[in-house]
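Step one of this worksheet: look at the structure below.
The values are calculated or read from the model by the stated rules, or taken from the named source; none is laboratory data. All of these numbers come straight from a predicted model, not from anything done at the bench. Ideal geometry is used to build each Cβ from the backbone, glycine not excepted, and the neighbour counts take in all protein chains shown. Side chains included, ligands, DNA and RNA excluded: accessible areas come from the protein's heavy atoms. Shrake-Rupley method; radii C 1.70, N 1.55, O 1.52, S 1.80 Å.
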Amino acid sequence: MIGEKKFKIIDAHTHMGPVYNFYLPYNDAEGMLKSMDLMDIEASVVSSNAAISSDVEYGNRYTLDAVKRYPGRFLGFYVFNPRYPELMMEQIESYFAEDGFVGLKIHPEYSGDYPMNGKGYKPMWEYAAEHKIPVLSHTYYGGDRLEVFESIAKEYPDVPLLIGHGGMDLGVGKAIDMVNRQANLFFDLCSPADKKHGALNLIAKELNPDKAIFGSDSPWNGPNVVAGAVLFTDVDDRIKRKWFRDNFFKVYTRASKVIEP
């Protein structure tokens, strides 16, 4: 918990591991734990950088290793690459047999600008709908428009779909409006929190307080910077608690198997 012990934090959008041609310090499990402990972050949901950018099989195993070695501190995203749908579906059951895996992560841009509504993603959406597994998708600087998110959410109403980075360059205000009108859409706070001045006040004023979830994008961003942006913004403590932790358990229901809500 932070400061006067008012807030317990779960970081619902993080990555782990090295990335080719980038300097990314503290990127392994131990380095991330040090950063988490400094901010009293209880747990982080991770997808490996390798799974997103280069080798999805190796990267998902990297995440699995961290989840097993540090149960309750790291929860896992299974990264789904639509270029290899058969392979992904062969392996998906074994990952979600692990209590520590709580969601699916996709990055259409790094999958060769493969659209979310393309046929390679279809088995993933069907699996997520059957098991009510949340999906977090990257949004900014490439990838799908907000209209695609809304159409997917309507097609698969049992899938909680999170707009990664809060839409950022697609328009925070537009993303807020869309999340408010579509029950299974949720807003990821990680980029508006530390990259857009005044965005958190706008979100607190206009977004349904039950529809936003805290994430830092650590270690790409320091979790202290993003959590600090929330902590020191003039937003009611009741809303901050929802953002930092309470909303997480409403969306990532599998997490209650390893963390006490």
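For first residues located in segment 114-138 and at negative phi, partners that are open to solvent by less than 10 Å² (accessible area, probe 1.4 Å) and among the charged types (D, E, K, R) and lie 6+ apart or on another chain with Cβ distances below 9 Å form the pairs Val135/Lys105; Leu136/Lys105; Leu136/Asp188; Ser137/Lys105; His138/Lys105.
So, Arg73, is that one over 20 Å from His13 (Cβ atoms) and not aromatic (Phe, Trp, Tyr) or not?
Here the answer is no, as Arg73 does not meet what is asked.
Cβ-Cβ distances below 8 Å connect the following pairs, each with a first residue in segment 164-188 that is farther than 16 Å from Trp243 by Cα, a second residue that is at pLDDT 90 or above and assigned to a loop (DSSP other than H, G, I, E, B), and a separation of six or more residues or different chains: Ala183/Pro157; Asn184/Tyr156; Asn184/Pro157; Asn184/Asp158; Asn184/Val159; Asn184/Pro160.
Number of residues in segment 240-261 that are over 16 Å from the mean Cα position of the chain (by Cα), buried (at least 19 other Cβ atoms within 10 Å of the Cβ) and either free of Cβ contacts under 8 Å to residues at least 60 places away in the same chain or farther than 14 Å from Ala43 by Cα (or both): the value is 1.
Do we find a residue being surrounded by fewer than 18 Cβ atoms within 10 Å (Cβ to Cβ), at negative phi and either in contact with a helix residue (DSSP H, G or I) (Cβ under 7 Å, 6 or more places away or on another chain) or not acidic (Asp, Glu) (or both) anywhere in segment 211-218?
From segment 211-218, those surrounded by fewer than 18 Cβ atoms within 10 Å (Cβ to Cβ) are none; that's our starting set.
No, segment 211-218 has no match at all.
Among (1) out of contact with any Pro (no Cβ under 8 Å at 6 or more places or on another chain); (2) open to solvent by 70 Å² or more (accessible area, probe 1.4 Å), there is one condition Ala227 misses while meeting the rest; what is its number? (2) is the only condition that Ala227 fails.
Restricting segment 1-30 to residues that are open to solvent by 80 Å² or more (accessible area, probe 1.4 Å) and at pLDDT 90 or above, which is farthest from the chain's Cα centre (by Cα)? Please lay out each step first, then the result.
To start, the set of residues in segment 1-30 that are open to solvent by 80 Å² or more (accessible area, probe 1.4 Å) comprises 1, 4-6, 8, 18, 20-23, 26.
When the remaining residues are screened for being at pLDDT 90 or above, the result is 8, 18, 23, 26.
Numbers: Lys8: 18, Pro18: 19, Tyr23: 22, Tyr26: 19 Å.
Here the residue is Tyr23.
Listed here are the residues, each with its yes/no results for (1) of a type in the set (Ser, Thr, Tyr); (2) farther than 26 Å from Arg69 by Cβ; (3) in contact with a helix residue (DSSP H, G or I) (Cβ under 7 Å, 6 or more places away or on another chain).
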position	(1), (2), (3)
Glu90	no, no, no
Ser94	yes, no, no
Glu98	no, no, yes
Leu104	no, no, yes
Met116	no, yes, yes
Gly120	no, yes, yes
Ala128	no, yes, no
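On the stretch given as segment 32-84, residues that are modelled with pLDDT under 95, among the hydroxyl-bearing types (Ser, Thr, Tyr) and closer than 20 Å to Cys190 by Cα total 2. For segment 110-169, filtering for residues that are farther than 18 Å from Ser53 by Cβ and open to solvent by 50 Å² or more (accessible area, probe 1.4 Å) leaves 16. Among the residues of segment 47-85 satisfying the criterion of being of a type in the set (A, V, I, L, M) and in a helix (DSSP H, G or I), which is nearest to Met116 (Cα to Cα)? Only one residue tops the list, namely Ile52. Residues of segment 116-126 that are assigned to a loop (DSSP other than H, G, I, E, B) and either over 16 Å from Phe186 (Cβ atoms) or of a type in the set (S, T, N, Q) (or both): Asn117, Gly118.
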